[in-house]
Amino acid sequence: MISRSVSNLFSLLLLLFPSWSFAADTATLNPVSTAWVMTSIVFVMIMFIPGLALFYGGMLRSKNVLSICTQFFAFAGIVGLLWIFFAYSMVVDTTGMQEGVFNLSSFVGGFDKAFMHGITDQTLMGDIPEFVTCVFGMTFAMITPAIVVGGYAERMKFSAMVLFVILWTTLVYAPLAHMVWGGPGSAMHNWGVLDFAGGTAVHINSGIAALVGALIIGKRKDWKTRNIAPHNLVYTFIGAGLLWAGWFGFNVGSALAANNSAGLILINTQVAACAGIVGWMIIAKFHVTHTSSLGLASGAIAGLVGITPAAAYVGILGATAIGLMTSMCCFYAVTHLKHRLDIDDSLDVFALHGIGGIVGGVLTGIFASSALGGNIIDLNYGTQFIAQIIGILVTVVYSGILTWGIFKLIDATIGLRVSNEQEEKGLDLSDHNEQAYN
């Protein structure tokens, strides 16, 4: 009788307080982590608009500064809806996936969560509402194609930009993001690639896409014939500062928790940015006679790109080394490689994000070792090096081929490039009938 009374009381409590969780395997919402990820969403959005818009806009000529801002707002709207309609499902749907098994689901998710099917305000991903993690992932999807357009800024039609972002987000970004963040059974996971916050899916991917776009669209008509210097480096300096601040949301937010790991990611992100600045200063000392604001801003971005895949896996000294080395490699890419290849990568997207992501990805496989202060115990350098190279090569080849196909398709249909007259006039007026300065 007593045991039955206790059982009845227990059942009554469950009816009265359905939010209580007595089962050990039932997930419960973590309000602290939820609040932090929601805050990170704001950080990444500020990093995107106005951060990246100002960083890019200041490096353009004054007749094109509004075009980049317009493109970014358009991208935000388009990608946001694509994400809700089907791209989110393509990234996170794990149907058919098995750890260690390669199949189609290892490379792209299905459509079980298309249009947010089956997700409500009570649905959790881990201990965070899935709507929150969905919007966090959306910010990554928004900013990645925006990084790309810096490679061929000042010469591509707005209508072509719109079609590009639709096709590229669907065919390139979403599958690569699934390979990285799809969980057990996803391609990068099966290969053992270490990529915490998107060195492959975001930075190498965008850098390669920018390079392909610059090659196909061709050089600006004034390239190496007239002065095309940045019109307002103060804008670029402000944008770089907002990018640095927003990167904490990008990297630390990717922990999806307010815990000890988040603290490590925080300090690694900060240290790598500082090391990137110092690395650029050191290498520039041997090649130029002055220290420029654009150079130091680029050094900070290079360090942040380099630490993105490594932030949760390396120690503080490892983060310092990654920031220094990535920055120095990016310096050479900006000052030497770009000109050797004779490519008009307008805003050095490949040099900073492509080269920075590759260097950071390789170094992650070294400094993640516990012997060098990292978190991976008994890391086998040879095995991990091969895994990192596989992740990098797959990203380069997949992004390169698909992006090439997308550009060729657009060029064959609506055309990619504005006319010489429109380019001379500037995209602000020719595409949007506006001027930044009156």
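So the values come out like this:
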quantity	calculated
Karplus 3J(HN,Hα) series, Hz, for segment 106-119 with 6.51 cos²θ - 1.76 cosθ + 1.60 (x for Gly, Pro)	6, 10, 7, x, x, 10, 5, 10, 4, 6, 6, 4, x, 10
Ranked order, Val288, Val418 - accessible area, probe 1.4 Å, largest first	Val288, Val418
Ellipticity estimate at 222 nm from DSSP helix runs (n ≥ 4, -39,500 (n - 2.57)) divided over the chain, nearest 500	-19000 deg cm²/dmol
Once exposed loop GluC sites (Glu not before Pro) are cut out (DSSP; at most 15 other Cβ, 10 Å), longest piece of the chain	100-433
log₁₀ of I(q)/I(0) at q = 0.23, 0.24, 0.28 Å⁻¹ - segment 41-102, Debye sum with one point per alpha carbon	-0.94, -0.98, -1.12
5 angstrom amide H check on Arg417, placed H, neighbours 5+ away	Lys157
For Met125, distant residues with modelled amide H under 5 Å away	Glu130
Gaussian network model of the chain, Cα within-10 Å springs - most flexible of Gln71, Gln388, Gln98	Gln98
Under Karplus coefficients 6.51, -1.76 and 1.60, residue-wise ³J(HN,Hα) of segment 193-203 in Hz, glycine/proline x	6, 9, 8, 6, 10, x, x, 8, 5, 9, 7
Candidate residues Trp223, Trp191: accessible-area rank, largest first, probe 1.4 Å	Trp191, Trp223
Inter-centroid distance (Cα atoms) of segment 285-339 relative to segment 65-126, Å	31
Neighbour-limited loop hits for trypsin sites (Lys or Arg not before Pro), segment 207-242 (at most 12 other Cβ within 10 Å; DSSP other than H, G, I, E, B)	Lys224, Arg226
From the coordinates shown, Cα extents along the principal axes in Å corresponds to which of (i) 76, 61, 40; (ii) 95, 48, 42; (iii) 87, 60, 43	(ii)
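The values are calculated or read from the model by the stated rules, or taken from the named source; none is laboratory data. Keep in mind that this is a model prediction, so the values were computed, not measured. Neighbour counts are summed over all protein chains in view; Cβ atoms, including those assigned to glycine, are modelled from backbone coordinates with ideal geometry. Side chains included, ligands, DNA and RNA excluded: accessible areas come from the protein's heavy atoms. Shrake-Rupley method; radii C 1.70, N 1.55, O 1.52, S 1.80 Å.
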